[in-house]
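Trainee: Encoded as structure tokens, here's the structure I'll be asking about.
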Amino acid sequence: MGDYVCGDDDFYYYESEDDQDESVELQRLEYDTIIPKHSVITVITKESLLAAQREDLRNVMEVLSLKEHHARTLLIHYRWDVDNLLTILVEKGKDELYSKAGVTSVEHDNSASSNFLSMVRCIICIEEVPADKVTTMDCGHYFCNNCWTEYFIIKINEGQSRRITCMEHQCDAICDEEKVRTLVNARDSNLAEKFDRFLLESYIEDNRKVKWCPSVPHCGNAIRIEDNVICEVECACGLQFCFNCLCEAHSPCPCFMWELWAKKCRDDSETVNWITVNTKHCPKCHKLVEKNGGCNLVSCICGQPFCWLCGEATGRSHTYTTIAGHSCGRYKEETKEKTERAKKDLFRYIHYHNRYKAHTDSLDLETKLQITMQEKISAMEEKDAKERNFSWLTNGLSRLSRSRQILAYSYAFAFYMFGEESFNSNLSAKEKLIKLNLFEDQQQKLEENVEILSSFLEEPFDTYSADKFVEVRIKILDFSRIVDNICKKLYECIENDLLGSLLETFSIAPYKSAGVDKALELVC
């Protein structure tokens, strides 16, 4: 029996493998399977959030010899970017570092409280109050405790508690959080807890490198990355998402294009679904045609017969042995007749939406295959106690799932990349066509091999003989590697040949053979 073998750019078929050593081949393929890489992405739970915040606080406190509330004020202002904070310290000095963040480097004593006079006038309420009922902030300004408390309560309820500035006119100094906590707690302990929670969650809300997991219902976790780059991550709750836009993982489609596509699908999905199910457009006059019979050879009112399945024009004889070239996998620009812009846009959208939907539907069905696969693995383990390593199977399923996602999102990317209002508007029509063909070649190659991998994974190999079982195993390993290589080339095509100079504006998460990076839980 013949087999498929991986080549440099594609696969080829040979007639016999009798002269091959299967054990050597199997070892080679297993060596090439997915190997997880060390992740630099961490998941911060409710329990580890305080430890994560204190780690950065401690670093700044030690370098600058600051109190904790001053260090927190600096970090909130500089978005918890310790490296940026230290860079500004070296380049511009302490004074500018502190002044921009509202930190008073020279602290003042509570001058009002230490006043020999027993009564002090508060310039806010214009009342004479006892000196021990007055609080002075680090900037030297003092007001009565009642005015401070009312002011703090308003700020906390407005959600501005992370940077509460002094009440003095044109004073940008940040109030001491301990004094804020003490005054508010005397009035409302629940509000004081809310204030502490805001300060704690500032590590996530104000941090460019940390974001909440967008799971619904919310899992309570946050994700931290080491470098401020576009990447896709998997939370401990199992949700995979784009760290940049917090949408589902959507590479190789850039965030901006994906947001446009998701909105368009939401707005137009019902119309498109009805048109897709009930009509096709005539390949000659482009009018919408509704099929009213069982035969898949239909005729438009203009007299043109065409195939209902693929939409291509045909003759009167409708047999699969006489009809050639009926593949609608590629979008074809109308060259002979210019149709109305609205129709053309609609037809084009239907083309890409159908293929996007087909692959997402396949992904849903193949996800259920994992449950069936676990049952097969259990049955095979009972059948043969020696066979305990099924990583080739789980890796094959993982590769199939990831490549399905990539295929689906590649159609969303192509819809905007090669539209009339192309993002590469500086390209000539000829250059755009060349790039479109280059992209579609890679896309089609990936599509073909993904379907082959899917077919092998769906085989009932748990019922096969030992020889046939090894044969299917080799094919799954081989095509997992083939699909991986083609995915890499598709990403290279998009990054280097298509986006090119647009990468700064429309970057995509890099392709990783091991799949989306799984966040490691932060150890307290």
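The values are calculated or read from the model by the stated rules, or taken from the named source; none is laboratory data. Keep in mind that this is a model prediction, so the values were computed, not measured. Counting neighbours? That spans all protein chains shown, and the Cβs are built from the backbone with ideal geometry, glycine included.
Trainee: Among the residues of segment 151-184 satisfying the criterion of being of a type outside the set (Asp, Glu), assigned to a loop (DSSP other than H, G, I, E, B) and within 37 Å of the chain's Cα centre (by Cα), which is surrounded by the fewest Cβ atoms within 10 Å (Cβ to Cβ)?
Mentor: 159
Trainee: Please verify whether residue 494 is β-branched (Val, Ile, Thr) and over 19 Å from the mean Cα position of the chain (by Cα), treating the condition exactly as stated.
Mentor: So residue 494 fails the test.
Trainee: Related question: Taking segment 461-485, which residues are touching a residue at least 12 places away in the same chain (Cβ under 8 Å) and not in a helix (DSSP H, G or I)?
Mentor: none
Trainee: Name the residue, out of 464, 416, that is in the same structural domain as residue 260 (by TED's automatic domain parsing), surrounded by fewer than 22 Cβ atoms within 10 Å (Cβ to Cβ) and more than 24 Å from residue 253 (Cβ to Cβ).
Mentor: Of the residues listed, the single one that is in the same structural domain as residue 260 (by TED's automatic domain parsing), surrounded by fewer than 22 Cβ atoms within 10 Å (Cβ to Cβ) and more than 24 Å from residue 253 (Cβ to Cβ) is 464.
Trainee: Of (1) out of contact with any Phe, Trp or Tyr (no Cβ under 7 Å at 6 or more places or on another chain); (2) at pLDDT below 85; (3) in a helix (DSSP H, G or I), residue 360 satisfies all except one. Which?
Mentor: Tallying (1) out of contact with any Phe, Trp or Tyr (no Cβ under 7 Å at 6 or more places or on another chain); (2) at pLDDT below 85; (3) in a helix (DSSP H, G or I), residue 360 fails exactly one: (2).
Listed here are the residues, each with its yes/no results for (1) touching a Lys or Arg at 6+ places or on another chain (Cβ under 9 Å); (2) buried (at least 16 other Cβ atoms within 10 Å of the Cβ); (3) of a type in the set (A, V, I, L, M, F, W, C).
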site: 434; (1), (2), (3): no, no, yes
site: 454; (1), (2), (3): yes, yes, no
site: 471; (1), (2), (3): no, yes, no
site: 480; (1), (2), (3): yes, yes, no
site: 495; (1), (2), (3): no, yes, no
site: 498; (1), (2), (3): yes, yes, yes
site: 508; (1), (2), (3): no, yes, yes
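Trainee: Residues that are at pLDDT below 50 and not β-branched (Val, Ile, Thr): which strands (runs of 3 or more DSSP E) entirely in segment 2-114 hold 2 or more of them?
Mentor: Fully inside segment 2-114 and qualifying: 3-6, 11-14.
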